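See structure below.
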Amino acid sequence: MKIGLFGIGLETYWPQFDGLLSRLKGYQQQIKTRIEEMGVTVIDAGMVDNPDKARLAADYLREEKVDIAFLYISTYALSSTVLPIAQQIKVPVIVLNVQPVAAIDYDKLNSMGDRGDMTGEWLAHCQACSVPEVACIFNRSGIQYDIVSGHLHDQETWNEIKEWVDAAYVLYALNHSR
């Protein structure tokens, strides 16, 4: 069984906020590793941060014949980076609204002094920002999805992700049995 994974972000942010992209990719790598530990193959289409990368990611995930896809919302992103993928891969999409920690450290944030640094820190915790936009575009397009909310260190979050992996495996087994 193959699990698709792709992150979404906004390429405009990367040159503006030093280290943001590598930080978000690190979170996505943590997600990939944890899902792989569930005994499945993860096909990671990387960070999708513009419409061109969306088309490439859709082609890749479709060619790899993933059985389910996890969409990691790494920070604010546009629906135009998500819709082409979900439309083309034609498998259930599980939206991961998964923050790096349970709550942003506002004392640290407010003491940073530089508004650019503050914005970059906030964007690293902005997973929920795009959930309404993604849900709306999926609803309007008739795309099957569900949402998992939590944080990277929350066992309940990982239990819910594991339930989706297990459900996809059952469907995979049924589709590949005699």
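If you filter segment 122-147 down to residues that are open to solvent by less than 80 Å² (accessible area, probe 1.4 Å) and in a loop (DSSP other than H, G, I, E, B), you find that the one that is farthest from GLY26 (Cα to Cα) is GLY142. Scanning segment 37-63 for residues that are open to solvent by 10 Å² or more (accessible area, probe 1.4 Å), touching a strand residue (DSSP E or B) at 6+ places or on another chain (Cβ under 6 Å) and under 26 Å from TRP14 (Cβ atoms) gives VAL42, ILE43, ASP44, ALA45, MET47, TYR60. Going by what's in this entry, would LYS162 be described as loosely packed, with under 11 Cβ neighbours inside 10 Å, out of contact with any strand residue (DSSP E or B) (no Cβ under 7 Å at 6 or more places or on another chain) and more than 20 Å from TRP14 (Cβ to Cβ)? No, not satisfied. The single condition from (1) on the phi > 0 side of the Ramachandran plot; (2) open to solvent by less than 70 Å² (accessible area, probe 1.4 Å); (3) in contact with a Lys or Arg (Cβ under 9 Å, 6 or more places away or on another chain) that GLY150 fails is (3). Of the residues VAL93, VAL66, the single one that is touching a residue at least 12 places away in the same chain (Cβ under 8 Å), farther than 22 Å from ARG140 by Cα, buried (at least 20 other Cβ atoms within 10 Å of the Cβ) and not small (Gly, Ala, Ser) is VAL66.
Note on segment 109-121: among residues that are surrounded by 16 or more Cβ atoms within 10 Å (Cβ to Cβ) and not charged (D, E, K, R), the one that is farthest from GLY4 (Cα to Cα) is THR119.
The values are calculated or read from the model by the stated rules, or taken from the named source; none is laboratory data. This structure is a prediction, so every number in the text was calculated from the model and none was measured. Glycine gets a Cβ as well: all are built from the backbone with ideal geometry, and neighbour counts include every protein chain shown. Heads up: the accessible areas ignore ligands, DNA and RNA and are worked out on the full protein's heavy atoms, side chains in. Shrake-Rupley method; radii C 1.70, N 1.55, O 1.52, S 1.80 Å.
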